[in-house]
Amino acid sequence: MDNFITRRRRHELLVAAGLLVFAIVAPMFIKDVTTLNVIILSLLFAGLAQAWNILGGYCGQISLGHALYFGMGSYVSTLLYVHAAVPPSLGMFAAAAVGGLAALLVGWPCFRLSGHYYAIATVVVGEIGYLLFLNWDYVGGATGVYIPIARPSLLNLQFGKDKLPYLHLVLAFCAATWLAAWVIEGSRWFYAWRAVKDDVVAARSLGVNIFSSKMAAAAISGAFTGLGGAIYGLYVGYIDPDSVMAGHFSILIALPAVLGGVGTLWGPILGAALLIPMKELSSSYLGGSGRGVDLMLYGAMIVIVALAQPQGVVSLFRRRAHGPA
Amino acid sequence: MTLETILQVAAGGLLMGLIYALVAAGLSLIFGLMDVVNFAHGELMMLAMYAVFVIWDASGLDPMLQLPLVAALLFGTGMVIYRGMIARALSVQFNRGMVQIFVTFGLAIFIRGAAQFVWGGEFRAVNNTLLSGRSWNLGGVYLPLPQLAASVVCLAAFAGLLLISRTEFGKALEATREDRDAVALIGIDRDRIFAMGWGLGAGAVGIAGVMLAGFYYVGPNVGASFALIAYVTVALGGFGSMLGALVAGLLIGEVEAFTAVILEPSLKQIGVFAVYLAVLMFRPRGLFGKL
């Protein structure tokens, strides 16, 4: 049976495969380190926003505490490497497991709360994690942890000064999150979660288990966020609570999804592709003066996009697709 | 801990708690009226503190005497923000909840950047005020006068907010809160009420900012830490409840003061957050919340 939905989904998969090939090949011709760095960060946050979107978009639980799963992910893989010599290529899966587990532990009490009460509770839980890591000596406290430099190898996921392998690693992460979202969109979960998001009472009357729906979305979202945190830690080579767990990371993880289009397949990628280069470029060209111009631009852009495109930038494309040719 | 220490810590918690309560009251007022959580609330407080610093720096006018002026300034700022951004954010068809979160959040970042642009990143402080350095000895418990004045003013502002709720305007406010569409039928201009609500909310946090400037440093990030406490206060008290904001503010002031002494000062917020989460487990809508 070749109905509209299966045709659209096949089309999405083809577009994604095309983009993936392009994203693998095109950076090979880029030699500029700054540009490669911006691409790496954009791909990373596209993946993180996609992960956030699974809980925040599809399931409608606006979490403002994802920095906790991100930070725990980077700490788990880093500490396993430093203290137990577990190679990061394995450690990052432990980070994903811990991220998912942490999201379940946070969700268990917090999913009883709704709306703003839930959002603020997630901020608070994230802040507690940040303060605890800041004061916990075993994990380096405020000083943080350096990842010891090893010989470039796939096992240790260290590539020295070469940025391209990192780019491909982050690209794989981004592709994995996209694929997870694509699979979810084709599953029963997608409809159950949407019912939870739109009308809890109606969802319950249809036999949807609200709590376990939220928990499932949280586990997947948290696991991918933890994985992203592990990759980020490897890439920057040094982590401390301020660089991986501070509250503004939670916003930065959610923001691309919101600006691109909440609860959509392409929104997080589109949002990250716009937001991260803008943020990085303005802070490297304007932020150096320390005069806050970059912050003003960043803030103004969030306000303007949110007001002008409340459904996200992705709706620009959709309108064209459905409108008269 | 001696009894004297306990009393001293409790007094410090009380004085700080009243400030938290007033900051939270402004937030709660706006939320109760139109379901909007203002994520730029701390930045409004920061603006009030900078206003105090600038006026004091230029003219030497004492913060206490600037109170009416800066409060009026913030009232106006609140109304402008409503007219310029929030009215628009409320009129969108989709994702209204998400849009208002990120619009006010973007505004917060913008104000922070603007403050850094104008005044630089370093800390500023107002000193040599009428009250600075003085304290009142109440049976062995020292109450620093700037903090004491701040809490008295906050209490008065709280009483003022409650008085306003009894006036004709307050009734219109309450009616708009109950049913924002029906009030149009009885001739209440909803937009005007909402704008006034933003004015009052910003004015309240402005008053808190003025009093805080008498004894606390000013910097571009000063709002952020106070705002976090304010969100916790509002959620703990219950969104939209004034009484809740007062009780929760006092509770948080005390918990914070005692955690700082019993554990250590760097962990003082952990105590607050733990109490908040514990209360929400039993009362998911806060102590006094109905919304």
Looking only at the stretch B:90-105, how many residues end up being more than 22 Å from the chain's Cα centre (by Cα), part of a helix (DSSP H, G or I) and at the interface with another protein chain (Cβ under 9 Å from one of its Cβ atoms)? 3
Please specify each residue of the stretch B:144-187 satisfying the condition of being touching a Ser or Thr at 6+ places or on another chain (Cβ under 9 Å) and buried (at least 17 other Cβ atoms within 10 Å of the Cβ). B:PRO144, B:LEU145, B:PRO146, B:GLN147, B:LEU148, B:LEU173, B:VAL183
Checked the stretch A:1-36 for anything more than 24 Å from A:ALA181 (Cβ to Cβ) and touching a Leu at 6+ places or on another chain (Cβ under 8 Å); matches are A:MET28, A:ILE30, A:LEU36
Within the stretch A:110-122, the count of residues that are under 14 Å from B:VAL234 (Cα atoms) and either more than 7 Å from chain B (Cβ to nearest Cβ) or out of contact with any helix residue (DSSP H, G or I) (no Cβ under 9 Å at 6 or more places or on another chain) (or both) comes to 3
Which residues, taken from the stretch A:7-49, are in contact (Cβ under 8 Å) with a residue 40 or more places away in the chain and among the hydroxyl-bearing types (Ser, Thr, Tyr)? A:THR34, A:SER42
Out of the residues in the stretch A:105-143 that are touching a residue at least 12 places away in the same chain (Cβ under 8 Å) and in a loop (DSSP other than H, G, I, E, B), state the one that is surrounded by the fewest Cβ atoms within 10 Å (Cβ to Cβ). A:SER114
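Does A:GLY129 meet the test of being within 11 Å of chain B (Cβ to nearest Cβ) and at positive phi?
Judged against the criteria, A:GLY129 is not a match.
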Inspect the stretch B:122-134 for any residue being under 29 Å from A:GLY247 (Cβ atoms), of a type outside the set (Ser, Thr, Tyr) and within 14 Å of chain A (Cβ to nearest Cβ) and give the result as yes or no. yes
So, B:ASP35, is that one within 24 Å of B:GLY219 (Cβ to Cβ), charged (D, E, K, R) and out of contact with any Pro (no Cβ under 7 Å at 6 or more places or on another chain) or not? no
Within the stretch B:188-206, does at least one residue satisfy the condition of being part of a helix (DSSP H, G or I), touching a residue at least 12 places away in the same chain (Cβ under 8 Å) and more than 21 Å from B:MET34 (Cβ to Cβ)? no
Is it the case that the stretch A:60-71 has a residue that's touching a residue at least 40 places away in the same chain (Cβ under 8 Å) and on the phi > 0 side of the Ramachandran plot? yes
Hey, among B:GLN100, B:GLN93, which residue is buried (at least 19 other Cβ atoms within 10 Å of the Cβ) and among the polar types (S, T, N, Q)? B:GLN100
Failed item in (1) more than 10 Å from every other protein chain (Cβ to nearest Cβ); (2) over 18 Å from B:TYR20 (Cβ atoms), with B:ARG285 passing the rest: (1)
Which residue is modelled with the highest pLDDT, if the candidates are limited to the stretch A:273-296 and must be in a helix (DSSP H, G or I) and facing chain B (nearest Cβ under 8 Å)? A:MET296
Residues located in the stretch B:1-39, provided they are in a loop (DSSP other than H, G, I, E, B) and either touching a strand residue (DSSP E or B) at 6+ places or on another chain (Cβ under 7 Å) or of a type in the set (Asp, Glu) (or both): B:ASP35
Failed criterion for B:GLU254 (all others in (1) charged (D, E, K, R); (2) over 25 Å from A:LEU131 (Cβ atoms); (3) in contact with a Leu (Cβ under 8 Å, 6 or more places away or on another chain); (4) more than 10 Å from chain A (Cβ to nearest Cβ) hold): (2)
Listing of helices (runs of 4 or more DSSP H) fully contained in the stretch A:161-206 that carry 2 or more residues being within 20 Å of A:ILE24 (Cα to Cα) and in contact (Cβ under 8 Å) with a residue 12 or more places away in the chain: A:164-185
Pick out the one residue from B:LEU161, B:LEU143, B:LEU130, B:LEU148 that is part of a loop (DSSP other than H, G, I, E, B), more than 30 Å from A:ALA308 (Cα to Cα) and of a type outside the set (Ser, Thr, Tyr). B:LEU130
Exactly one of these conditions fails for A:TYR138: (1) more than 22 Å from the chain's Cα centre (by Cα); (2) among the hydroxyl-bearing types (Ser, Thr, Tyr); (3) closer than 21 Å to A:CYS59 by Cβ. Give me its number. (3)
Sort out which residues of the stretch B:57-89 are over 22 Å from the mean Cα position of the chain (by Cα) and within 23 Å of B:PHE123 (Cα to Cα), and write them in order of number. B:ASP57, B:ALA58, B:SER59, B:GLY60, B:LEU61
Please go through the stretch B:71-105 and give me each residue that is closer than 16 Å to A:ALA300 by Cβ and among the polar types (S, T, N, Q), ordered by number. B:THR104
Any idea which of (1) within 14 Å of chain B (Cβ to nearest Cβ); (2) within 30 Å of A:GLY18 (Cβ to Cβ) is the one A:GLY141 doesn't satisfy? (2)
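Please verify whether the stretch A:75-86 includes one or more residues that are over 20 Å from A:PHE45 (Cα atoms) and either within 14 Å of chain B (Cβ to nearest Cβ) or assigned to a strand (DSSP E or B) (or both).
There is no residue in the stretch A:75-86 that is over 20 Å from A:PHE45 (Cα atoms) and either within 14 Å of chain B (Cβ to nearest Cβ) or assigned to a strand (DSSP E or B) (or both).
Of these, B:VAL80, B:VAL141, B:VAL118, which one is surrounded by fewer than 18 Cβ atoms within 10 Å (Cβ to Cβ) and within 18 Å of B:ALA202 (Cβ to Cβ)?
None of the other options fit; the residue is B:VAL80.
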From the set of residues in the stretch A:191-241 that are polar (S, T, N, Q) and within 18 Å of A:TRP178 (Cα to Cα), which is farthest from the chain's Cα centre (by Cα)? A:SER221
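Yes/no per residue for (1) more than 21 Å from the chain's Cα centre (by Cα); (2) over 18 Å from A:THR122 (Cβ atoms); (3) surrounded by fewer than 19 Cβ atoms within 10 Å (Cβ to Cβ); (4) among the small types (Gly, Ala, Ser):
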site: B:PHE258; (1), (2), (3), (4): yes, yes, yes, no
site: B:GLU264; (1), (2), (3), (4): yes, yes, yes, no
site: B:GLN269; (1), (2), (3), (4): no, no, no, no
site: B:PHE288; (1), (2), (3), (4): no, yes, no, no
Residue pairs, Cβ under 8 Å, 6 or more apart or interchain, first in the stretch B:63-80 and more than 18 Å from B:LEU29 (Cβ to Cβ), second aliphatic (A, V, I, L, M) and loosely packed, with under 14 Cβ neighbours inside 10 Å. List them. B:MET64/B:LEU130
Just to check your reading of the model, which residue among B:GLY271, B:GLY223, B:GLY244, B:GLY240 is within 14 Å of chain A (Cβ to nearest Cβ), part of a loop (DSSP other than H, G, I, E, B) and not aromatic (Phe, Trp, Tyr)? B:GLY240
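The values are calculated or read from the model by the stated rules, or taken from the named source; none is laboratory data. Please read all numbers here as calculations on a predicted model, not as lab measurements. Methodologically, a virtual Cβ is constructed for each residue, glycine included, from the backbone with ideal geometry; neighbour enumeration extends over all protein chains shown.
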